[in-house]
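Inspection log for the structure reproduced underneath, given as structure tokens.
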Amino acid sequence: MALVRCEGIVLKTHALGDTSLIVVTYTREHGLLKLVAKAARRAPSRFGYALEPLSRSRFVVYHKADRDLHLLSQAEVLEPTGSRLADLTRLAHGQAALELIDRLVWGEEPHAELFDLLASVLLGVATAPVVTLPAVTLAFQLQVASLLGYRPRLDACADCGSAISPRRLFSAASGGLLCDRCAATEAGAVTLSADALAGLTLLLSRPLSEAGQWLELGEVRRTGEILRVVEEFLRHHFQRFQGLRSLEMLRSLPGFEAGKDAPCPA
């Protein structure tokens, strides 16, 4: 057993016994960790706000390499992000980011770039204008998938590498745009609108911190269509992803234009 210090963002918690918690956190140094916080549910808790979902905290942990659960010794909050998400829209976007990491990341494998991306999106959710949050969330989903090795291919046919169809045919199963020949044998391909493809390309290739600006400037449109395409892509390439509760809520919030811009079957 080693005493380690790490920085993490709390994804979720579960009750353990009468007074304790299991805390699931994504850390910079160790990846996904599950911590046992003894007596954390007693009032007042000695951990304060440090174990609340969305909080960015510093932990001192008794770490055992061959165990799934590790004992939490100390916790200090660095950024109580959840307390800054004062309305339902911001909270839904913040929870969507946590759910995505919880579904797509597996095991104690550190990934500093992914940790920084999560920290960046939570800052954006807390501070960006509310109307720009759909673009922030979509950019986060696409860039997380890319960091984990599943980047949608938009520059050439995802199946054969040839020139893409001018009809903008996208296959979630194949992982990107298709040529006409490959699309003829792909039953699940859909036709993207020109606006959706332009937005998808922009969200995938530019810094997350700029995403809100693109929506305000009108460079990202049809966010509802993009969201559905991205969700289908994630379902095909990540076994544990079967849709997110927070994203279901997002469809009813301003900006996603739910039901008005679905992609058309190819």
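The values are calculated or read from the model by the stated rules, or taken from the named source; none is laboratory data. Quick caveat, the model's predicted, so the values are computed rather than measured. We place every Cβ from the backbone using ideal geometry, glycine too, and count neighbours over all the protein chains shown. Side chains are part of the model used for accessible areas, which takes the heavy atoms of the whole protein and leaves out ligands, DNA and RNA. Shrake-Rupley method; radii C 1.70, N 1.55, O 1.52, S 1.80 Å.
A few comments on the model shown:
- All conditions in (1) surrounded by 17 or more Cβ atoms within 10 Å (Cβ to Cβ); (2) in a strand (DSSP E or B); (3) touching an Asp or Glu at 6+ places or on another chain (Cβ under 8 Å) hold for residue 50, with the sole exception of (2).
- Flag if residue 132 is closer than 17 Å to residue 241 by Cα and of a type in the set (S, T, N, Q): no
- The range 138-180 - residue that is open to solvent by 10 Å² or more (accessible area, probe 1.4 Å) and of a type in the set (Ser, Thr, Tyr) and, of those, farthest from residue 220 (Cα to Cα): 162
Yes or no, residue by residue, for (1) open to solvent by less than 30 Å² (accessible area, probe 1.4 Å); (2) within 26 Å of the chain's Cα centre (by Cα); (3) over 21 Å from residue 16 (Cβ atoms):
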| site | (1), (2), (3) |
| --- | --- |
| 62 | no, no, no |
| 71 | no, no, no |
| 79 | no, yes, yes |
| 92 | yes, yes, yes |
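- Total residues in the range 203-212, condition open to solvent by 30 Å² or more (accessible area, probe 1.4 Å) and either in contact (Cβ under 8 Å) with a residue 12 or more places away in the chain or on the phi > 0 side of the Ramachandran plot (or both): 2
- Test: residue in the range 190-202 that is open to solvent by less than 10 Å² (accessible area, probe 1.4 Å), in contact with a Ser or Thr (Cβ under 6 Å, 6 or more places away or on another chain), at pLDDT 85 or above and farther than 27 Å from residue 122 by Cα: no
- Of the criteria (1) out of contact with any helix residue (DSSP H, G or I) (no Cβ under 8 Å at 6 or more places or on another chain); (2) within 24 Å of residue 103 (Cβ to Cβ); (3) modelled with pLDDT of 90 or more, which one residue 239 fails: (3)
- Boolean, residue 58 is more than 25 Å from residue 246 (Cα to Cα), modelled with pLDDT under 95, not in a helix (DSSP H, G or I) and not acidic (Asp, Glu): no
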